Every structure is written in structure tokens, then in C-alpha cells.
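Only one structure is covered here, and it is reproduced in the block below.
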Amino acid sequence: MGELPFFRAHTAFHPDRLWIWERAVYVDENQRTWLPITIEMDSSLQVLMRQEDIPLGEPVRPSQLGPYLLPLMWQLYPGRKYRGSDSSFWRIVYHIELSGIEDMLLEQLPDPDNE
């Protein structure tokens, strides 16, 4: 029988900031592009951010996006979390790099004002 390939995942450095560039494309401080995949569950919202190099078009204004489920900007905060431009907090569940592809799973934390 053939051997299964061995994969090694590495933890990756978290971007300091992620800005919306166009619908479903964010850019970090190093001009790397991140594509969000939104996962809505019964009691929480998660987003899988995949770092994938894609050609960038013209940036859009927030007013051009219309209603948008995710923050327009995330800023890294202490304690493995991001704060969104809408004042939401997002926990970094994991951030790995495997075969040159980075995946970062963020989970929205409950709003303490609504508890």
C-alpha cells in the first residue's frame, strides 16, 4: 500500500488590520488579499478568512456595498481577537498555514450590552 502524504500545518502571524477592498475581498497591511466565507450557525456567526492572492480591482466605498454582514475593517486586539469597525469582537479560533495557504477562523463574540 502507498504511504499517505504527510502534511504539516504552521501557525501564522495574524494581520494587524483587514480592510474591505471590494465585496468579499479584504486586504491586510501587507497588501495580501483575504476572502471571507461566512458561516451562520444557530447562536453564533463565524467567518473563515482564506489568504489567497487575487488581482485587485478598484476599491469600493462603504456606501457602494449596501448592507454587509461583516465589519468593513478588523483590527487585531490583545488576547487573540479582532475588533470590527462596528465595535464587534471576534475571537481567533485558529490561524494556520498549510501548503502555502493560510486559513483563519474568526467567531463573533456575544455583545456584552445585549446579555
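So for H95, H14, what's the accessible-area order with a 1.4 Å probe, most first?
H14, H95
Suppose the chain between R61 and M41 were pulled fully straight at 0.36 nm per residue; how much longer would it get relative to their current alpha carbon spacing?
So the extension gain works out to 4.3 nm.
From Cα pairs below 8 angstrom and at least 6 apart in sequence, can you work out the relative contact order of the chain, rounded to a whole percent?
Numbers: 205 pairs, mean separation 30.3, N = 115.
For the chain, the relative contact order is 26 percent.
Can you pull the one-decimal nm distance between simple spin-label points at F13 and D86, each 7 Å off the Cα toward Cβ?
Placing both labels 7 Å along Cα→Cβ, they lie 3.0 nm apart.
Tabulate in residue order the Karplus-calculated ³J(HN,Hα) for the range 87-102, using 6.51 cos²θ - 1.76 cosθ + 1.60 with θ = phi - 60°, rounded to whole Hz; enter x for Gly and Pro.
Along the range 87-102, the couplings run 6, 7, 10, 10, 7, 7, 6, 7, 8, 10, 10, 9, 6, x, 10, 9 Hz.
Counting only protein heavy atoms and a 1.4 Å probe, tell me what percentage of the chain's accessible area is made up of carbon and sulfur.
Answer for the chain is 53 percent, counting heavy atoms of protein chains only.
What accessible area per residue comes out for the chain, rounded to a whole number of Å², with a 1.4 Å probe?
On the way: 7820 Å² over 115 residues.
Per-residue accessible area for the chain comes out at 68 Å².
Stick to the Cα atoms of the chain, pair each with every other, and give me the Kirkwood hydrodynamic radius in Å at one decimal.
By the Kirkwood definition, the hydrodynamic radius is 15.3 Å.
So which trypsin sites (Lys or Arg not before Pro) in the range 38-115 end up in coil per DSSP with only 14 or fewer other C-beta atoms within 10 Å?
Of the trypsin sites (Lys or Arg not before Pro), the ones in loops of the range 38-115 whose Cβ has at most 14 other Cβ atoms within 10 Å are R80.
Okay, helix-only estimate at 222 nm for the chain: each DSSP H run of n ≥ 4 adds -39500 (n - 2.57), divide by all residues, round to 500 deg cm²/dmol; what do you get?
Helix-only estimate at 222 nm: -500 deg cm²/dmol.
With springs only between Cα atoms under 10 Å apart, run a GNM on the chain and tell me which of P55, P36, P71 wobbles the most.
P55
Within the chain, which is the longest segment containing none of the chymotrypsin sites (Phe, Trp or Tyr not before Pro) that sit in a DSSP loop and have at most 12 other Cβ atoms within 10 Å?
Details: sites that count: F6, F7, F13, Y68.
Free of exposed loop sites, the longest segment is 14-67.
For E52, what residues show an amide H to amide H distance below 5 Å, using hydrogens built from the backbone and excluding near sequence neighbours?
T33, W34, L35
Going by amide H atoms built from the backbone, whose H comes under 5 Å of the H on Y94, apart from near neighbours?
L105
Within 10 Å of each candidate Cβ there may be at most 11 other Cβ atoms; applying that plus a DSSP loop requirement, which GluC sites (Glu not before Pro) in the range 41-113 survive?
The qualifying sites: there are none.
The values are calculated or read from the model by the stated rules, or taken from the named source; none is laboratory data. As the structure is a prediction and not an experimental result, all values here were calculated from the model. We place every Cβ from the backbone using ideal geometry, glycine too, and count neighbours over all the protein chains shown. The protein model used for the area step is the full one, side chains on, heavy atoms only, and it has no ligands, DNA or RNA in it. Shrake-Rupley method; radii C 1.70, N 1.55, O 1.52, S 1.80 Å.
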